[in-house]
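Okay, structure first, notes after.
The values are calculated or read from the model by the stated rules, or taken from the named source; none is laboratory data. Owing to the predicted nature of the structure, the values given are computational and were not obtained by experimental measurement. Note that we place each Cβ from the backbone using ideal geometry, even for glycine, and neighbour counts take in every protein chain shown. Ligands, DNA and RNA are excluded from the accessible area calculation, which covers all protein heavy atoms including side chains. Shrake-Rupley method; radii C 1.70, N 1.55, O 1.52, S 1.80 Å.
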Amino acid sequence: DGQEAINGQAMPLLRVLLDAVDWEWLCHGIAGRFHGDFHFENILWCEHENRFVFLDWRQDFGGDLYVGDIYYDFAKLLHGLIVNHEIIAHNHFTIAWTDRAIQFDFHRKQSLVVCEQTFYQWLQHQGFDVRKVKLLTAIIYLNIAALHHDPYNLFLYALGKKMLFDCLSD
């Protein structure tokens, strides 16, 4: 990590950004039943039974087998709306990383952009904290970056850092 500009925006070190997070506020979530990997590839519509079926549930949430934070599931859903797996599988993203600057770009389906905006409106209407969902999504990107192949890992890191910076600047 360095102080490379990301998409033209000057950036501090990641450590500085993480130190600026109000962790006490962020950790006050809403306890409830959790999925743990809540994104569209893990959600199926069962037409015969007229209901949704959820796949690939996580076995625990920080060691708890029964309760998790709904904000984490919201953030996982948002992460899939912003970075769709199909787009990544077809390499419809770019990342250029030098000593001074990072430039990234990626294609998004218009329907997912609309869904993202609708999701923000729904969260607000239901009384949830949109900023908390966005901040957790940024942290998710940073957290999963090391789990993925090059250059996707660099893209996730840059996106997560830029998104974290933007959330903290709002």
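The portion of the accessible surface of segment 60-170 made up by carbon and sulfur, rounded to a whole percent, is 54 (1.4 Å probe; DNA, RNA and ligands excluded).
Computed from Cα positions, the angle between helix 110-125 and the longest principal axis of the chain comes to roughly 70 degrees. Charge tally for N91 (other residues, Cβ to Cβ under 15 Å; Lys, Arg +1; Asp, Glu -1): -2. Rolling a 1.4 Å probe over the protein heavy atoms gives segment 68-148 an accessible area of 53 Å² per residue. Backbone amide hydrogens, once placed in the peptide plane, bring I30 within less than 5 Å of I70, Y71, excluding anything fewer than 5 places away on its chain. From its DSSP helices (H runs of at least four residues, each -39,500 (n - 2.57)), the chain gives a residue-normalised ellipticity at 222 nm of -14000 deg cm²/dmol.
In this structure, the amide hydrogen of I43, modeled 1.01 Å from its nitrogen in the peptide plane, lies closer than 5 angstrom to those of L55, counting only residues at least 5 positions away or on a different chain.
Relative to the longest principal axis of the Cα atoms of the chain, the long axis of helix 152-169 lies at roughly 90 degrees. Pairing the Cα long axis of helix 130-145 with the longest principal axis of the chain, what angle in degrees results, from 0 to 90 and rounded to the nearest 10? Compared with the principal axis, the helix lies near 70 degrees.
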